[in-house]
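Read through the structure below, which is laid out as structure tokens, and then see the notes.
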Amino acid sequence: MESSLSPPPKDKVYLVTGGHGFLGSHVARRLYEQEHCHGDLRHPALCELVVRGVHTVLHFAANMGGMGTIHDENDFILYEDNHLMTANLLRACLAAGVKCFFFASSACIYPETLQTDVTGDGSLKESDAWAHPPPKPQGLYGLEKFNSELLLHQFSSKMDIRIGRFHNVFGPGGAWNDGREKAPAAMLRKAWAMKILGNSSASFEIWGGGQQRRSFLYVSDAVDGVLKVLEWERVSSDNNIFSTFNIGSDTAVSIQELAHIALRCAIIDPESVRLVLGWSPQVSLTEGMASTSEWIKQQVTDLTRDKTDIMQDLSLSKVLHLQPATIIFAILLPITSCGSSSPSDCLSNLRRFSQSLFNTTWRDTRDRSSDVQFRIVIYLAIDHDDTFLLAADHLSNKAERVLRQEGICDVVTIVCDHPRGHVCQLWRDCAKRAWSDKCDYMVLMGDDVVLKDEGWMRDAHAEFLSLANRIGVPAGFGCVAFTDTSFPGMPTFPIIHRTHMDIFQGEVVPAIFVNQDGDPFLFQLYRRWGCSTMFNSQLSNSIGGDGDARYVKRHAQDWTFDTLDDATSVVESWLEGRSSLAERKLTLDVVIPCYRVDLAILDIILALKSSASCTVMFIIIIDDPSSPYISHLQSRHSRRSDVRIRVNKSNLGASASRNRGMDESAAEWVHFLDDDVVPDPNLLKYAEEAIRAHPYAAGFVGVSLFPSADSIFTTAVHLAGVTYFWDIAQKIPNSVDLPWGVTANLIARRNVKDGIKFDLSYPKTGGGEDIHFCHQKAQHSIQNGGEGFVSAEKVVVTHPWWNGGKRSYWRFYNWSFGDGGLIKNFPEHVYSDFAPNSAELLLGCAVVVVLGVFSAHWVILSASYRAFVAVVLANILHDGYRHLYEHPERNLEIRTTLKPWSLFWLGAVVESSFIRMFSEVGRLRGLIARGEYMFLGRRFDWFSGRAGAGPVIEERSHSLQRAILTILLFRFLIALG
């Protein structure tokens, strides 16, 4: 179907179409050594381009071949392709003023009755085309040639029409082994294959009875004939005579004789070969067998050197099927008239859907130039009691009528008897019917959907092919989801192949699903092999999604646990023996509770890459619905299949946001990251490394580092112990039972049905919820034979100083307000202190002040003032003693620019006391606010016994020392008067 444009012999420009074909290439070479352009003559624009400035067109291009091609199954394809090319080219020639048009016709235009005569010499004259009206050429290939001749003669008054009817042209350079070869090449190929195999007594295949007679023309003679036709000059009296000529030999031979010639060319005695006569349409031959034999011999030898199995294949002829593979997409479409303001709304939605379906699939379902053809079948599911849509006898329905009005003709209606709103069950019914009907793809769809991108069928098919090629899974394995612009990041309306239905014996989703979660289930299932993708084709969903639906939403309880795991096991079993390359991947979801919506930080987090053996999704839970940056974030990342952005309807706090993130996740592990941390570029790879090293851990504690402390306040934060546990994984490396880790960088196992989430009784601002969560997860894991929380010292993030390092104590106060609740919740990790801490002493001072005010006793007020000063001074002096004398080595762990013993360092030591006291006040305030007075004097062991009795002994000692020092200072202040 190509064209070859040749330079002008004798100042004329010749266009040879089919210049890559057998006969066309020989003609073009004779005219000029093949300078050509490529294109498809079935496209009118190309025809208009190539005929510009052309004097003579020689039209050889055709979809053709020997009897392996010209048979009933290919009839309509050959007719449509060839007639379209001729009509397009003729129209373009007339518009461009082309002077002469040569058309390569065929002996196939003659009546079949004249071609099946086995007694004659096979000679035909031009007028024989009309010998037995009505004309009955050989197949639709011959009929197309006949009709094209008539079409061309219709314009003989406007252009010089020349027609050559070719009779079985053969020779070197033609098809010989692809199903398009003609009899001479086929015979020679089989003969040489037999010769090279060294088995001259083997069977020699012949199609037909062998007695049919044909004439054959060597290609050089055919070219001479073409040039003679072009040189022929019409005399004035010939104006009404068709300029149609037979180009062929007047000598005919039988197919059996041709076979003997071929065998002799291969130096095989024909008498030693048993001829096998099989069925076939009529075939052709030519008298240049000897010349063609040498060329065929070389082709066979080159192809079959040391390949006996290939040579045996060459001994047989092929039947070529031109019909492209047809890929059937089944649209699983539940529809209901219930739940809307008006029953007719569903038909309006359906009409809009139908129009979008037609507009986005018209090319895929009609383009004949593609090697793959697509077809759509709508499987329409209607409730049996939907009297608005269904006729009383269920024989007709309004929905099907709408689809047909919009050009969607392949519709199968399934009347279902299920409770209202059981959409997933309707999908199951439709999918099972589509599976039994041998459909290739199933698209879980809704009647309120609008498809937006043309070509989504071929794109989806290409995605599945890409998955098979990239990952090495069987064809059709996986899940491809649309990009839903109304529900960004959610794999709604997925596409699955019948391979999925084969794996699950006709069930598209498990019966646990009612009307929610069926689509993400499919996506998450195949994600475990890296075979889920959300391709660029977009759709919108006007009803449902993240908003209200026409029915009560019913989520499948805990489907991300046993249901997903059971399905995974089924797929794993099915893959055994079918794919050695399909690797089960680790699934990890990064959950980011996000209030700030800092785009710069989020871009860094979302740029993290995992290894090829781990599949990661990012789940961002925005906790400030009024943030102006939400739309920017969505525009940047919402179309990514690995990013899901959710917005809370109101500010819920970090714990509730993390819980929502876990609910959104279906991965085996979740990695909690704060929205203000900067992760190490290899964070996910190191996280996977830790998980694979300890697959039965409750979770992993990463390292959260702070920038170097370059001020008195930031150094004081470290000295106060506030940040001690942020890098506990580095302080206690290789531990398999860390007490807890901060949620700025924490990994937890998700695929265990332990019911553990972040406790919302702790404040939204944080404080204690991370410790509570870690303790519960670790306890459950250890009780079930697993490990606790493991150090992941290579999983590192950098946390910025809060408020840019500006001085503020309220954050630490609020955290302590919450973490005091641990005393009640985990009494096994609580101890009694022998002395009151600073907050309790200050509370005592406050009580004395109140007594002094009510009694108007100034001595009491003066004493309470001195007691207050004594408490503060005692804590400052004691912290100075600890940091500067008792344990100065601990200060070496602090990254600070302040020099030890400098005034700035001393200032940091003093300020650390105020930070610690502020925290203790917050903790006391929380106990009182919760009415937990009985826990005064009780302390929580932050190490939860993991470090032995040492930390508890040290804390008790320090409390006692500060209390004694407070008493001594108080007495000293009293003594001063």
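The values are calculated or read from the model by the stated rules, or taken from the named source; none is laboratory data. Source: prediction; values computed, not measured. In this analysis, Cβ positions are derived from the backbone assuming ideal geometry, glycine residues included, and neighbour counts consider all displayed protein chains. For the accessible areas, the whole protein counts, side chains as well, though only heavy atoms, and no ligand, DNA or RNA atoms are used. Shrake-Rupley method; radii C 1.70, N 1.55, O 1.52, S 1.80 Å.
Dipole check for the stretch 637-713: with +1 at the C-beta of Lys and Arg, -1 at the C-beta of Asp and Glu, and the Cα centre as origin, the magnitude is about 400 Debye. Counting only protein heavy atoms and a probe of 1.4 Å, the accessible surface of the stretch 375-415 is 51% carbon and sulfur. Spin-label pair residue 358-residue 384: with each label point 7 Å from Cα along the Cα-Cβ axis, the two points sit 3.3 nm from one another. Ordering 760-770, 468-478 by mean Cβ neighbour count within 10 Å, with the highest value first, yields 760-770, 468-478. When the listed pairs 12/228; 553/649; 136/297; 649/757 are checked against a 26 Å cut-off, the alpha-carbon distance exceeds it for 136/297.
Model label points for residue 752 and residue 938, set 7 angstrom from Cα along the Cα-to-Cβ axis, are 2.7 nm apart. For the pair residue 862 and residue 782, label points projected 7 Å from Cα toward Cβ lie 5.6 nm apart.
Listed by chain and number, the lysines whose alpha-carbon sits under 18 Å from that of residue 731, ignoring those within fewer than 8 places in the same chain, are 794. For the set 799, 43, 694, solvent exposure ranked by accessible area (probe 1.4 Å, protein chains only) runs largest to smallest as 43, 694, 799. Highest mean first, the peptides 803-812, 137-146 sorted by other C-beta atoms within 10 Å per residue fall in the order 137-146, 803-812. Packing order of peptides 163-173, 908-918, 348-358, 594-604, highest average first: 163-173, 908-918, 348-358, 594-604 (average count of other Cβ atoms within 10 Å over each peptide's residues). Accessible surface of the stretch 452-494, 1.4 Å probe: 52 percent of it comes from carbon and sulfur atoms.
Per-residue SASA remark: residue 156, around 60 Å² accessible (1.4 Å probe; ligands, DNA and RNA not included). Accessible surface area normalised per residue over the stretch 581-652 is 42 Å², counting heavy atoms of protein chains with a 1.4 Å rolling probe. The residues of the stretch 922-974 expose on average 54 square angstrom of accessible surface per residue, using a 1.4 Å probe on protein heavy atoms. The residue 887 and residue 635 beta-carbon pair, evaluated with R₀ = 60 Å, returns a calculated FRET efficiency of approximately 0.70.
Computed in the context of the full set of protein chains, the accessible area of the stretch 670-721 at 1.4 Å probe radius has 54% of its extent on carbon or sulfur.
Among the aspartates and glutamates, which fall within straight-line cross-link reach of residue 195, defined as a Cα-Cα distance under 12 Å, with same-chain neighbours fewer than 8 residues apart omitted? Hits, sequence-local ones excluded: 269. Compared with the direct C-alpha span, the chain from residue 232 to residue 599 gains 124.3 nm at full extension, assuming 0.36 nm per residue.
Taken about its Cα centre, the stretch 790-948 carries a charge dipole of roughly 380 debye when the Cβ of each Lys and Arg holds +1 and the Cβ of each Asp and Glu holds -1. Full extension of the chain between residue 899 and residue 557 gives 117.3 nm of extra length, using 0.36 nm per residue less the Cα-Cα distance.
For residue 581 and residue 466, the FRET efficiency from 1/(1 + (r/R0)^6), where r spans their Cβ atoms and R0 equals 22 Å, is about 0.90. Relative to its Kirkwood radius, the Cα radius of gyration of the stretch 824-977 gives an Rg/Rh of 1.01.
Looking at the stretch 780-906, the accessible area is 55 square angstrom per residue; that uses a 1.4 Å probe and ignores ligands, DNA and RNA.
Note on residue 854 and residue 459: the extension gain reaches 133.9 nm, defined as 0.36 nm multiplied by sequence separation minus the Cα-Cα distance. Note down the net charge around residue 888, summing +1 for each Lys or Arg and -1 for each Asp or Glu among other residues with Cβ under 15 Å from its Cβ. Summing Lys/Arg as +1 and Asp/Glu as -1 gives -1.
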